[in-house]
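Nothing in this text is a laboratory measurement; each read-out follows from the coordinates by a stated rule. Keep in mind it's a predicted model, so treat the numbers as computed, not measured. Cβ: placed from backbone, ideal geometry, glycine included. Neighbour counts: every protein chain shown.
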Amino acid sequence: MTQINSKIPEGPLAQKWTNYKDHQKLVNPANKRRLDIIVVGTGLAGASAAASLGELGFNVLNFCIQDSPRRAHSIAAQGGINAAKNYPNDGDSVYRLFYDTIKGGDYRAREANVYRLAEVSNSIIDQCVAQGVPFAREYGGLLDNRSFGGAQVSRTFYARGQTGQQLLLGAYSALSRAVHKKQVKLYTRREMLDLVLVDGRARGIIVRNLITGKIERYSAHAVVIATGGYGNTFFLSTNAMNSNGSAAWQCYKKGAYFANPAYAQIHPTCIPVHGEFQSKLTLMSESLRNDGRIWVPKKKEDAEAIRAGKLKPTQIKEEDRDYYLERRYPAFGNLVPRDVASRAAKERCDAGYGVGSTGLAVYLDFSDAINRLGKDVVEARYGNLFQMYEKIVDDNPYETPMMIYPAIHYTMGGIWVDYELMTNIPGLFAIGEANFSDHGANRLGASALMQGLADGYFVLPYTIQSYLADQIRVPRFSTDLPEFEAAEKDINDRKNKLMNINGKHSVDHFHKKLGHIMWDFVGMARDAEGLKKAIQDIQALKKEFWADVRIPGSDETVNVELEKALRLADFFEIGELMAHDALDREESCGGHFRTEYQTPEGEALRNDDQFSYVSCWAYQGEDKDPVMYKEPLEYEFVQRQTRNYKS
Amino acid sequence: MDKNINIKVKIWRQNGPKEKGRFETYELKNISQGSSFLEMLDILNEQLINEGQTPVVFDHDCREGICGMCSLYINGHPHGPDEDVTTCQLHMRRFNDGETITVEPWRSAGFPVIKDLMVDRTAFDKIIQAGGYVSVNTGGIPDANAIPIPKDKADMAMDAAACIGCGACVAACKNGSAMLFVSAKVSQLALLPQGKVEAARRAKAMVAKMDDLGFGNCTNTGACEVECPKNISISNIARLNREFLKAKFKD
Amino acid sequence: MSWLVKSSIGRKFIQSISGLFLILFLLFHMSMNVALIFSYDAYNFLANDILGANWWAIIGTGVIALGFVIHVWYAIMLTLQNQKARGVNKYASSNKTPVTWSSKNMFVLGLFILIFLFLHFYQFWYEMQFKELFHLEGAREDAAQLVAEVFSQLWVVVLYIIAFAALWFHLTHGFWSALHTVGLNNTVWMNRLKCLSNVVATIICLGFVVVAVAVYLGYANLLG
């Protein structure tokens, strides 16, 4: 039985990271120049890591699929970034941020990792301010905070509704500086298609140049994956159109464990689906729940009249409105964590109280906030989000409540990493959303930005040296090695196979079908029967795809359909693994809700005795079921409780 | 209420940077006005694939108006006829039944066409690399609240920082000038004490790179400001001029 | 100081400063012309004794000419560069971005004004200063009389008005744009400067046109 070694340092929780840093191996400056590091991805994690590693003196090669590093999807994060600064003097501390994150993750994350995350959170804010990130400020000139779901303190720093953009542009500017100083070499419009192992260590990648279609090889002493999550398995998600799980998936296929694939976060406040042609779902920031109140009609006949277009929400009297989150969770009200809010919305809609033409929507109402604070204040806080909503839906949220519904947003699962953020493949690291590490079964709002930047600025630049210290005598690699040769041949075969199918349907045709299977059976509510059906359906659809997809054009130029097909081929397999993992985990926790395991009140029912582990899936080969290893989660410092947001 | 409309789209097709381009006109039936412009192009591409033709290439990614990847010059406007939106946020309710919609790539010497509607905007990255940053390394930073910043300055910096780098300013400019883009970054950092330290060096380096890459001279027509999806003001250009001239006269 | 030629903002700076200088000159010229409405003698005094063939006047003329040449030269240079920056391929759908007409047509307006100036030089400056300077025959001492003669022809007056309409458009954009380029603008002053721009342009153009029309209609020399 394979033992999973997470390499958690010894010592009391608050000392672990300090102890680690005090005793870890480092690489001296002269040797750093001789070591190459590949970083795939330029989001918050990738850009901050590439810049920081470059500054340290390593020779960094940074890849992204977009035309510019600034386009990575971290840019779309709206609400904010958490840190334990306690500027508002409301009782926050590193421990409390750690505790809230562990609890928010439904006790399925590693204590040591999460504590480290909370510990470095403050440095992130300092770093960003120094880079010129224009965070919101008070009139006194100091930084402003707001509150977010799952916390009883205000610890979220923000830059209007564009925090992710500003943080990413900060990291991008650091990266640009490193590029200018020739510390980092940038490769844009290139997609990683394979990982190359030499003697069991990660030594390079194969990419496709998306402009010329050429397959290119790059070698390095270590490879860092920062390619985000796999939420687009669902076709409709809040992810960008080009976000994909393929880089991570190639690592899995080369032997890296894929951890907790079933943990996907459904974000409660997205603009509802409106038609078959829809290409993506737009998120409305969680910060809106600070001032917006969520409700559906109390009476079914009102809900029906609204759906039929006979009644307007503003005509429903106050006493006929069901503010169900405030009713069910008085202590946290509209600010319960995302998984709880999403499920509550689904519950109301399934019970027949949903609004909108499809009945799959609930109201997010600002009339109270506008009366209390005035329109100007609300506009200053959320103006850009309101404008965005109005452009899409053609309704004015200042006058009529917004309609929202949950949608896939973030994947907590990802490549398994140890405390040093290294996978089980030596020399292969994973950071940001691409790894599984810090959010357990559910991520709290404003924590993704925190984790991405923590990994990139303050964790990986230390921990990677522990590995590289042993590599200083290893000379640079030639990309002519047989391992590279073989990897490139595999890719060409796969590509040619796809190009030669010449079937009848477009890639999106299959992707939409996959999305429906995922949403229906591996979505917000799962059960054993449905998951088994999902696995069968996905396998059947995958077979159909490989027999009937049509990819027009040539592969020697820009070919978007080919890009999409290569990604979709992996999404089928990711979707299947998600279903496997969800089936295995016979409990409900965080974003993973099995209808068989719930309390009489409909709350998630965790099973700590049997399922307090990280599921680490290992690839066994084409058409073979993967094998699962367990990394036990031991809680030394926190006592596990049933999450309670009621009192 | 949103209806279904029939439209024609006249789209620029070009196989590669060196090849000659041409317009092709396609007919689309029953397009919901509730769909976005890019979803309409998705539908067109689906149609083209089903007919065995090659789909139209266009840049897009986040589809919520923030990544800056989408472009397109639609009916005489960068990002189309709606105000303060990117192409991905433009909806078909802005168009009428029976209309012919002309779709072109950004046209500017600084943004060569790669294929169809996709252009190369790496020039913007090069300008940022020339100096669009505060020269700080990771770590060793004072506390975030060590330097108070007046709220109005911070807000103005944020206004400038909202730039998404889409290039609509260049596309709209009759002079192919990138001044709005450059001035937004220079302004953001010049307004903050953290960026002030190297403001002179930054302004000079970024303008030099901008000129080097062949962007034109600003004549203050203000077209950039009108078409900017993020409402970046040309008063930033005045600030850039000020910063640049101050720096040069000091030398 | 090579940046004044090599950098875009440097070139624009020269264009703006020369433009602002020419606006000052226009204000001065206009004020002088207005004297004609009141008194031929006053005008003659200004035209002959102040701006005759003395060294101050010659140097002044030279400086103005230099400012003018620089303004035109830079305009040509900037326009050619901008056309190149725009690229070879033009948009098929016409540009519908709503901006002021004058801002898009500064070069054309300038060109038109330039053509008009040649006529203007021939009719006035050549007759008055140039001939005197080079001791050619027929240099006019009675400037006021010359003006009266020229403006008695309707076609000249009409052309004059058209030229100043062009100048008006040129200045409405040129004045605030020049200040903007030298960095003297911000969000608060944006609309004020644009308004001021219209005021300046109107005063200048109205001043010139009023004189021409007054002379044509015989309302000049009120203090005669």
Using Cα pairs under 8 angstrom and six or more residues apart, how large is the relative contact order of region A:310-380, in percent? 13
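Using a ≥ b ≥ c from the Cα gyration tensor of region A:207-249 (square roots of the eigenvalues), is it rounded, prolate or oblate, where a/c under 1.5 gives rounded and otherwise the larger of a/b and b/c decides, a/b for prolate?
Details: a/c = 3.42, a/b = 1.56, b/c = 2.19.
Oblate, because a/c is 1.5 or more while a/b does not exceed b/c.
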How big is the gap, in Å, between the Cα center of region C:104-175 and the Cα center of region A:48-97? 65
Between residue A:512 and residue C:195, what is the label-point separation in nm under the 7 Å Cα-to-beta-carbon projection? 5.5
Region B:4-114 - share of DSSP beta bridges that are antiparallel (%, nearest 5): 80
Once amide H atoms are placed 1.01 Å from N in the peptide plane, what residues at a sequence separation of 5 or more from residue A:26, or on another chain, have their amide H within under 5 Å of its amide H? none
How big is the gap, in Å, between the Cα center of region A:279-352 and the Cα center of region A:586-644? 29
Using the 10 angstrom Cβ neighbour count as an exposure proxy, how do C:194, C:90 rank, fewest first? C:90, C:194
Find, among the chymotrypsin sites (Phe, Trp or Tyr not before Pro) in region A:366-436, those assigned to loop by DSSP (not H, G, I, E, B) with at most 16 other beta-carbon atoms within 10 angstrom. A:398
Describe numerically, in nm with one decimal, the distance between label points set 7 Å from Cα along Cα→Cβ at residue A:377 and at residue A:139. 1.3
Of all DSSP beta bridges having both residues in chain A, the percent classed as antiparallel (nearest 5) is 70
What are the residues whose amide H is under 5 Å from the amide H of residue A:429, where those residues sit 5 or more places off or on another chain and H is modelled from the backbone? A:223, A:224, A:225, A:423
Gyration tensor (alpha-carbon) shape descriptor, region A:267-407, a/c threshold 1.5: rounded
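Take the residue pairs A:214/A:624; B:250/C:6; A:21/A:185; A:181/A:214; A:182/B:185; A:497/A:543 and return only those whose Cα atoms are more than 24 Å apart.
Details: A:214/A:624 31 Å; B:250/C:6 17 Å; A:21/A:185 28 Å; A:181/A:214 28 Å; A:182/B:185 22 Å; A:497/A:543 13 Å.
Pairs exceeding the cut-off: A:214/A:624; A:21/A:185; A:181/A:214.
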Express as a percent, rounded to the nearest 5, the fraction of DSSP beta bridges in the protein assembly as shown (both residues included) that run antiparallel. 70
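What's the extension gain from residue B:3 to residue B:47 if we count 0.36 nm per residue and subtract their Cα-Cα distance?
13.8 nm
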Quick one, can you get me the convex hull of the C-alpha atoms of region B:177-226 expressed as volume per residue in Å³? 69
With axes computed from alpha carbons, what is the tilt in degrees of helix A:560-584 against the longest principal axis of chain A, rounded to the nearest 10 within 0 to 90? 70
Rounded to two decimals, what is the ratio between the C-alpha radius of gyration of the protein assembly as shown and 2.2 N^0.38 Å? 1.05
Excluding same-chain residues fewer than 8 positions from residue A:298, which aspartates and glutamates have a Cα within less than 13 Å of its Cα? A:318, A:319, A:320, A:322
Using the Cα gyration tensor of region B:4-114, with a ≥ b ≥ c the square roots of its eigenvalues, what is the shape: rounded (a/c below 1.5), prolate (a/b larger than b/c) or oblate (neither)? oblate
What number, rounded to the nearest 500 deg cm²/dmol, is the helix-based mean residue ellipticity at 222 nm of chain A, given -39500 (n - 2.57) per DSSP H run of at least four residues and division by all its residues? -11000 deg cm²/dmol
Helix-derived mean residue ellipticity, 222 nm - over chain B, DSSP H n ≥ 4, -39500 (n - 2.57), to 500: -11000 deg cm²/dmol
Could you identify which residue out of C:159, C:109, C:46 has the top mean-square fluctuation in a GNM of chain C using Cα springs shorter than 10 Å? C:159
Under a 5 Å amide H to amide H cut-off, with H placed in plane at 1.01 Å, what residues pair with residue A:321 once short-range neighbours are removed? A:298
Spin-label zone in region A:378-422 - amide nitrogen under 19 Å from a point set 7 Å from the Cα of residue A:368 along the C-beta vector: A:378-379, A:381-382, A:397-405
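Counting only C-alpha contacts under 8 Å and six or more residues apart, can you give the relative contact order of region B:122-250 as a whole percent? Intermediate results must be reported in sequence, preceding the final value.
Working: 156 pairs, mean separation 44.4, N = 129.
Computed over region B:122-250, the figure is 34 percent.
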Reachable aspartates and glutamates from residue B:209, criterion Cα separation under 13 angstrom, eight or more residues apart if same chain: B:125
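Using alpha-carbon pairs under 8 Å, 6+ residues apart, how would you state the relative contact order of chain A in percent? Display every interim value, and only then the final one.
Numbers: 1417 pairs, mean separation 131.5, N = 647.
Once divided by the residue count of chain A, the mean separation gives 20 percent.
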Mind putting a number on the dipole of region A:1-100 about its Cα centre? Charges go on the C-beta only, +1 for Lys and Arg and -1 for Asp and Glu, and I need it in Debye to the nearest 20. 340
Holding the Cα-Cα limit at 27 Å, pick out from A:533/A:564; A:512/C:90; A:564/A:630; A:254/A:495; A:312/B:29 the pairs that are longer than that. A:512/C:90; A:564/A:630; A:312/B:29
Set of lysines near residue C:96 by C-alpha distance (under 19 Å), chain-local residues within fewer than 8 positions excluded: B:10, B:174, B:230, C:104
Whole-Å distance linking the alpha carbon centroid of region A:99-118 with that of region C:1-43 is 70
Charges at C-beta only: +1 for Lys and Arg, -1 for Asp and Glu. How large is the resulting dipole of the protein assembly as shown about its Cα centre, in Debye rounded to 20? 1880
Loop-only trypsin sites (Lys or Arg not before Pro) in region A:454-558, please: DSSP not H, G, I, E or B, and at most 10 other Cβ atoms within 10 Å. A:473
